[in-house]
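Report on one structure; see the data block that follows.
The values are calculated or read from the model by the stated rules, or taken from the named source; none is laboratory data. None of these values were measured; they are calculated from a predicted model. Glycine gets a Cβ as well: all are built from the backbone with ideal geometry, and neighbour counts include every protein chain shown. We work out accessible area using only protein heavy atoms, side chains counted, and drop any ligands, DNA or RNA first. Shrake-Rupley method; radii C 1.70, N 1.55, O 1.52, S 1.80 Å.
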Amino acid sequence: MSLASDHPRRMSAANSADDGLARAVARLADPLVDSGVAVAAVPGEVRRVLITILSAARCPDLRSPELEGATALPGELVESCVNALAGWDLGDLSQALLGWELGRASGSPQEIELSCCDDVERLVLCRRAKRRRTLGAYFTPPELVDTLVAGALQPWADDPEGLLRLKILDPACGDGRFLVAAARWIWDRLEGEDGPDPLLRQAVINECLFGVDIDPLVVHLARVGVWLAAGLDSLPPAAIFSHLAPGDGLLDEFQEESDRFDVVLGNPPFGSFSGRQAISIDAVRKQEYLRRWGGGGWDTLHGMFLRRGLDRCRHTLAMVLPTQVSHLDGYANLRADVGSQMSLHDVTDWGEAVFGSEAVAPVITLIARRDQRGRAGWSTETEAAWITALRERAESLGSLVADPGVHTGNCANRLIVEPAVSSPGTAPVLEGKQVHRYRCAPPTKCLQLDYQAGEGEYFTVRPRATYQRARFLIRQTARFPVVGPRRGADYFRNSLLALYDPTNGVDARYLVGLLNSRLIRHLYTSAVRESGQATFPQVKIGSLRSLPILWPDLGLSLHRQSYASIVDDVEILLAVSDPARSGERRREEAAVEEIERRIDQCVFTIYGLDDAAIATVLSSTDA
């Protein structure tokens, strides 16, 4: 089937894709619907069919039973898709196809229309980067895979017999790249100069490699990857099907379960069960995960896989994890559990650049072993002495910061509406992007106050007075605290945090100036490693509460003068951005930078910083 001329948008999508993926998806969509596939199931079936036909073309001898029943297509269509995707790695293709979903037409030239949908419904296939993020599905770059595998298997580098006895498990194996790398590492050390040894390679596949993944498609790809890496002419052994199998790595029993595994390694899916970046997961499965592997603190999918690996590992545990596991208080119990049973041999911080353009959190690789010889630590960073001294005499913001913002749950499209469709049952609502230092842009959305949740729906809207209490708001999606006034709306979404007035008599404007100061920016970015990431940095309540807050001692002349200056200058900056005070705004706009410098100097005075500490703050916050 070729792209028909009466589908201009589909043609545009195909022509815009250098890799041919959009062209292949476009060619498959309508034939799948015509063959009886439900419209809602088209994205999943497109992925299944493309993986089936491409893997069959490259590895015809390996047919996984999990792929039986994929929609049969005409030979000409199969051939055109195989040709369009000739340059794709199978694992990368599987991952990319997870980003396609069904949605309503928006007019984007990247959308693929479904001709079976009428003009009213106008459903399309479209790529959504957020979809893979909500699934926690990202495959690991080769450099990281090879480095982790080499480090994990190093104890057996000079033990040929031991290598052949290894049992290696990846409990979330994806397309099998860690297992392929492990097999190649073993083959490289055991094969002679005569080249590949078929019997040796079969033995490693039969005895050493074990993997499980909840997605049958990627398990098939793991089998294909291992078999293609072996490069053998014989038929795949039965072990490749029984040892690499679909299943839930957190709940199902593994092969060799009673004997455990010498090495547990891999890159488990990243994801939280709550918050704005919560992954999509079945509620019953989530509760079973929590029952089996919840350990107090911050329960996450990657944290549970680490616990599962710790439970099943006999010698070495080697995993890719978000960097925050190494230092956030919410993971303290998890780190303690690992440390009580193993010693850390290596913790390497890879940052976020290792995943290229993917929007993945910064990562570390962890190698721990059941011995006492490891000398690595979770973090090598040490705090400057002057910051430690500040903490010893400072207080916390405590309940002065809170997160009462409107949580739209799974009702965002019904709760948050355009002003054009507002009604007496709506009210303006602020979002994070409207709040800046000392100013707040007008709200552009409304909150549907009278919306009633249907079956399976959930959201949280607190009483109006809860929002009105917060005269100032802190932007959550930012590298460091950004505080502005709440203007133009009572309600605000949970992309904003509330800053309440102090109860000790100190003017709230002092806190606004302090939190917007360069000192607090330095203290925050020094303590919170995630503040340096380019993808979706967030200001967290816990991090705000860990900031050292010093209140002015009004019995000291310098403190009293500095405090009064901060309050007055913050009022000026608030007036600069207030549409109701245009005269003051015009008069003071040119002096904003000087006013902010004056606030910084007053903060330095109240905090008692010496010249060296001030120089450190200024140099680190120049950008």
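So in the chain, what percent of DSSP beta bridges are antiparallel if you round to the nearest 5?
Numbers: 41 of 58 bridges.
Counting DSSP beta bridges with both partners in the chain, the antiparallel share is about 70 percent.
Could you tally the net charge around T365, taking each other residue with its Cβ under 10 Å from the Cβ of T365, Lys/Arg +1 and Asp/Glu -1?
Around T365, the charge tally is -2.
By how many degrees, 0 to 90 and rounded to 10, does the Cα axis of helix 611-620 deviate from the longest principal axis of the chain?
Here the helix axis deviates by roughly 50 degrees.
Could you give the accessible area per residue of the chain, probe 1.4 Å, as a whole number in Å²?
That works out to 44 Å² for each residue.
Using a simple spin-label model with points 7 Å from Cα along the Cα→Cβ vector, what separation in nm is obtained for L550 and E593?
About 2.8 nm separates the two model spin labels.
On a 0 to 90° scale, report how tilted helix 75-84 is relative to the longest principal axis of the chain, with both axes built from alpha carbons and the result rounded to the nearest 10.
50 degrees
Based on the inverse mean of 1/r over its pairs of different Cα atoms, what is the Kirkwood hydrodynamic radius of segment 288-398, in Å?
15.6 Å
I need the calculated FRET efficiency for the pair S396 and D89, taking r as the beta carbon distance and R₀ as 41 Å, to the nearest 0.05.
0.25
Quick one: what do you get for segment 282-351 if you divide its Cα Rg by 2.2 N^0.38 Å? Display every interim value, and only then the final one.
Details: Rg = 12.3 Å, N = 70, 2.2 N^0.38 = 11.1 Å.
The value comes to 1.12.
Hey, rough spin-label estimate for L102 and S242, points 7 angstrom out along Cα→Cβ, what's it come to in nanometres?
About 4.0 nm, to one decimal.
Full-extension gain between D329 and S423, please, as 0.36 nm times their residue separation minus the C-alpha to C-alpha distance.
Separation in residues times 0.36 nm, less the Cα-Cα distance, equals 29.4 nm.
Full extension from D34 to Y458: what is 0.36 nm times the residue separation minus their Cα-Cα distance, to one decimal in nm?
Details: separation 424, 0.36 × 424 = 152.64 nm, distance 3.61 nm.
Gain in length upon complete extension: 149.0 nm.
Show me 263-273, 43-53 ranked by packing, highest mean number of other Cβ atoms within 10 Å first.
Numbers: 263-273: 23.7, 43-53: 22.0.
Result, highest mean Cβ count within 10 Å first: 263-273, 43-53.
What ranking, highest mean first, results for peptides 597-610, 215-228 when packing means the other Cβ atoms within 10 Å averaged over each residue? Before the final figure, lay out each step's value.
Values: 597-610: 18.9, 215-228: 24.6.
Per-residue mean Cβ counts within 10 Å order the peptides as 215-228, 597-610.
Averaged over every viewing direction, what's the projected area of the C-alpha convex hull for segment 163-259? Give it in nm², one decimal, please.
5.8 nm²
About the Cα centre of segment 46-106, how large is the charge dipole given +1 on each Lys and Arg Cβ and -1 on each Asp and Glu Cβ? Please answer in debye to the nearest 20.
Here the size comes out at about 160 debye.
Toward the positive end of the charge dipole of the chain, about the Cα centre and with charges on Cβ (Lys, Arg +1; Asp, Glu -1), which of C59, T605, A353 goes farthest?
Result: T605.
Taking the Cα-to-Cβ direction at I387 and at D610 and moving 7 Å from each Cα, how far apart do the two end points lie in nm?
Each label point is offset 7 Å from its Cα along the Cβ direction, giving 1.8 nm.
About the Cα centre of the chain, how large is the charge dipole given +1 on each Lys and Arg Cβ and -1 on each Asp and Glu Cβ? Please answer in debye to the nearest 20.
The dipole magnitude comes to about 2180 debye.
Once the convex hull of the alpha carbons of segment 148-199 is built, what does its volume come to per residue, in cubic angstrom?
Working: hull volume 4.9 nm³, N = 52.
Dividing the Cα hull volume of segment 148-199 by its residue count gives 94 Å³.
Calculate how steeply helix 177-190 sits against the longest principal axis of the alpha-carbon atoms of the chain, using the helix alpha-carbon long axis, and give the answer as 0 to 90 degrees to the nearest 10.
Roughly 60 degrees, rounded to the nearest 10.
Over segment 261-420, what is the mean sequence separation of C-alpha contacts under 8 Å (at least six apart), divided by residue count, expressed as relative contact order in percent?
20 percent
Hey, can you rank 187-199, 163-175, 548-560, 319-331 by average C-beta count inside 10 Å, highest first?
Per-residue Cβ counts within 10 Å, averaged per peptide and sorted highest first, yield 163-175, 319-331, 548-560, 187-199.
Put +1 on the Cβ of every Lys and Arg and -1 on every Asp and Glu Cβ in segment 195-334; which of S280, V204, L232 then has its Cα farthest towards the positive end of the dipole?
Selected residue: S280.
Quick one: compute the contact order of segment 164-306, relative version, from alpha carbon pairs under 8 angstrom and 6+ residues apart, as a percent.
This gives 30 percent for segment 164-306.
Could you state the principal axis extents of the C-alpha atoms in the chain, from the largest down, to the nearest angstrom?
Sorted from largest, the Cα extents of the chain read 87, 68, 42 Å.
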